[in-house]
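**Q** Sending over a structure as C-alpha cells; questions will come in a sec.
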Amino acid sequence: MITVEHVGMKFHLGIEKINTLKEALIKSVKREMPKNEFWALRDVSFHIDKGDVLGIVGANGAGKSTLLKVISGVFEPTQGSVRVNGMIAPMLELGAGFDTELTARENVFLNGAVLGYGKQFLCEKYEEIVAFSQLADFMEVPVRNFSSGMLARLAFSISTLVEPEVLIVDEILSVGDAAFQKKSREKMQSMIDGGTTVLFVSHSIDNVREICNKVLWLDHGRSVLLGSTQEVCDKYMASLGE
Amino acid sequence: MIFRYLSIWKRYQFLLYQLVLRDFKVKYKRSVLGVLWSILHPLFMMLIMTVVFTNLFKMTTSGSMNYPVYIITGLVIFNFFTEATNYSLTAITGNFNLITKVHMPKYIFPVAKTITSCVNLFFSLIALYAVIFVTKEDVTWHHILLLYDFACLFLFTLGIGFILAALTVFFRDMIYLYNLLTLAWTYMTPIFYDISIVGDQMVPVFRANPMYQYVTFARNIILYHKIPSTQQFVILLVFGAAALIAGFCFFRRQQKKFIYYI
C-alpha cells in the first residue's frame, strides 16, 4: 500500500533563506551561498499494507510531520522514493484549508475540493458531514466566528467522512471536548475496521497503543525501530526514562 | 504529456470552480452593494477621467470621437489585466496554508485568480455596453471579434500571472515593484489619451506594448466599426501565446522550490 524507500529530505535552514531582492544581491556580491543544510529525514525505509495503522513516535523535530508530508506528496524527497496506492486524505490542521470569510457550508465544499473530491460526491455526503460535526445550526455562519473546537470538529468531519483509502492524522485527537474526542476515536476505529490505512502521529503513547498495529520510531530524521506496537512503544518509553 | 495535463485538469475542475467561487465571494463579502461594484467601479472611473481630461486638461482626441466610450474601452481591458495579474502575484504566497498541507497542482492558483478576474470583466462589460447605449454608439456585428481580443488577452494575462506568482515566492519585493510597474504601464498605454499626442519617434515603442495592441483592437471594433487588420490579429495571438508559454515554462521550472520559500 505504502512503500517508502531510503527517503532523505534536505532543507536549507531558514536563517540563510534568501527572501528579498536585496538579500539576493548582497549574497551574490559576497559570493556567499547558503550552505546551512539540515537533513530532516535520512534513509528512512518501511512498507505497510492496506489496513495497517502505523503510529509514528519520536521527540519534537524527529521528522514525523516531514515524513507525513513526503508521503502525502507535499514535499518531494531529496533522495529515495515513495509509492502510494490509493487516495490520501491529509487531516488539515485546524482549519488550514478554511477561508474564514466563508460560511461553514461553503467551507465544506471548498475543503472537500481541496482534498480532491468532486461535487456530486460532496453533495451526497454533505448531510452526513453536518450530522457528525454536530454543527447543523451553524452551517450558514462564517467560520471566523467559530471557536477552535468547532473548527476542529468541522475539519475532522470532512476529512473522515469522505472515506479516504489512506488517512493521515497529525495530532488531531487532542482537540475538541471530551465527548468529541471519544466520538472521533470511535470514528477512526470504525474506519480502521473498514480497511482504511492510517498514518498516525501523536505524542500520546496511550493513543498510539490504543489504535496502532505497527509503530515507527524516528529520532533526528533516522528510523530507530519499526515493529509491533508493544515492542516499539516499550523501548521508546524506556529510552525516555533514561 | 498534454493528455496527462488534461486528465489532471479534469480531476481538479471542481477545485478550480470552488477557488474561483471563493475568491469572488470573499471579494464582495461585507460590502453593501456587493457585485454591483464590478459594474459601478469602471463606470465611475470613466466619469472621473472624462471630467478631468475634457474639462480640466482640455484633452483633444482625433476628430469627433466618443470620448466616454474611448476611455471605458481602455479601462475595462487594462483593469482586467492589472486586476488579474495583481491577484496572481500573491496566488501562491496567499495559499501557502493549502500548498504546505495537500498535494495539488500549483498552476491552479494563478489560473483561478485569472478566471475570477474574467468574471469581473463580464460585469464591467455591462458598464461598457451601458455607456455605448447611453452615448448612442452603434453596435455592429464586429463586436463578435471582441471575443478573439479577450481570448488572446486571457492567454497573455495568465502567462504574466504565472511569472509573477512564481517570482513573488522568492522575492516578496515583487509586490512593491509590480505596483510601480503597473503605474508606469498605465501611462504608457493610451487609455485616456490618443497615441497621436506622443512624438512620431516614440510610436514604435508604444506599439511594442502588448496592452496597446489589445486596447486598440477593441477600439477599432467598438468605435470605428471596422475589422482589425490581419497583422493585428496575428500580433494579439503572438503576444498571448508567447507570454503563456514563457510563463508556463518558468512556473513549471520553479514550482518544486516553492515549498522551501513559503
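The values are calculated or read from the model by the stated rules, or taken from the named source; none is laboratory data. Source: prediction; values computed, not measured. Cβ: placed from backbone, ideal geometry, glycine included. Neighbour counts: every protein chain shown. In case anyone asks, the SASA skips ligands and DNA or RNA and just uses the protein heavy atoms, side chains included. Shrake-Rupley method; radii C 1.70, N 1.55, O 1.52, S 1.80 Å.
**Q** Can you pull out every residue in the stretch A:191-204 that is polar (S, T, N, Q), modelled with pLDDT of 85 or more and not in a strand (DSSP E or B)?
**A** A:Thr196
**Q** Same structure, new question: Exactly one condition in (1) at pLDDT below 75; (2) farther than 30 Å from B:Tyr28 by Cβ; (3) aliphatic (A, V, I, L, M) is false for A:Val84; which is it?
**A** In the conditions (1) at pLDDT below 75; (2) farther than 30 Å from B:Tyr28 by Cβ; (3) aliphatic (A, V, I, L, M), A:Val84 misses (1) alone.
**Q** Give the number of residues within the stretch A:140-181 that are at pLDDT below 80, away from every other protein chain (no Cβ under 14 Å) and outside any helix (DSSP H, G or I).
**A** Count: 6.
**Q** Then there is this: Collect the residues in the stretch B:221-232 that are open to solvent by less than 20 Å² (accessible area, probe 1.4 Å) and under 24 Å from B:Thr54 (Cα atoms), keeping them in residue-number order.
**A** Correct list: B:Ile221, B:Ile222, B:Leu223.
**Q** With A:Phe132, A:Phe121 as the choices, which residue is touching a Ser or Thr at 6+ places or on another chain (Cβ under 8 Å) and either touching a residue at least 12 places away in the same chain (Cβ under 8 Å) or within 14 Å of another protein chain (Cβ to nearest Cβ) (or both)?
**A** Criteria check complete, one pass: A:Phe132.
**Q** Which one is nearest to B:Val76 (Cα to Cα) among residues in the stretch B:1-54 that are assigned to a loop (DSSP other than H, G, I, E, B) and open to solvent by 80 Å² or more (accessible area, probe 1.4 Å)?
**A** For the stretch B:1-54, the residue satisfying everything is B:Val32.
**Q** Which residues, taken from the stretch B:174-187, are among the hydroxyl-bearing types (Ser, Thr, Tyr) and either farther than 24 Å from B:Phe258 by Cα or open to solvent by 50 Å² or more (accessible area, probe 1.4 Å) (or both)?
**A** Residues satisfying the conditions are B:Tyr176, B:Thr182, B:Thr186, B:Tyr187.
**Q** Next question. Mind checking which residues of the stretch B:63-122 are within 14 Å of chain A (Cβ to nearest Cβ) and small (Gly, Ala, Ser)?
**A** Listed by number, the residues that qualify are B:Gly94, B:Ala112.
**Q** Taking B:Arg207 as the residue in question, decide whether it is more than 28 Å from B:Met46 (Cβ to Cβ), at pLDDT below 95 and open to solvent by 10 Å² or more (accessible area, probe 1.4 Å).
**A** no
**Q** Right, next: Among the residues of the stretch B:191-201, is any under 15 Å from the mean Cα position of the chain (by Cα), at pLDDT below 95 and away from chain A (no Cβ under 14 Å)?
**A** Yes; the residues of the stretch B:191-201 include at least one that is under 15 Å from the mean Cα position of the chain (by Cα), at pLDDT below 95 and away from chain A (no Cβ under 14 Å).
**Q** Then there is this: Determine whether the stretch B:108-124 contains at least one residue that is at positive phi and free of Cβ contacts under 8 Å to residues at least 60 places away in the same chain.
**A** Taking every residue of the stretch B:108-124 in turn, none turns out to be at positive phi and free of Cβ contacts under 8 Å to residues at least 60 places away in the same chain.
**Q** Filter the stretch B:151-173 for residues that are among the small types (Gly, Ala, Ser) and surrounded by fewer than 22 Cβ atoms within 10 Å (Cβ to Cβ) and give the result.
**A** Selection gives B:Ala151 alone.
**Q** Moving on. Looking at B:Leu40, B:Leu6, B:Leu16, B:Leu21, which one is in contact (Cβ under 8 Å) with a residue 24 or more places away in the chain and closer than 24 Å to A:Gly118 by Cα?
**A** Sole residue among the options that is in contact (Cβ under 8 Å) with a residue 24 or more places away in the chain and closer than 24 Å to A:Gly118 by Cα: B:Leu16.
**Q** Anything in the stretch B:9-32 that is within 11 Å of chain A (Cβ to nearest Cβ) and over 23 Å from the mean Cα position of the chain (by Cα)? List them, or say none.
**A** B:Lys10, B:Arg11, B:Tyr12, B:Phe14, B:Arg30 - these are the residues of the stretch B:9-32 that are within 11 Å of chain A (Cβ to nearest Cβ) and over 23 Å from the mean Cα position of the chain (by Cα).
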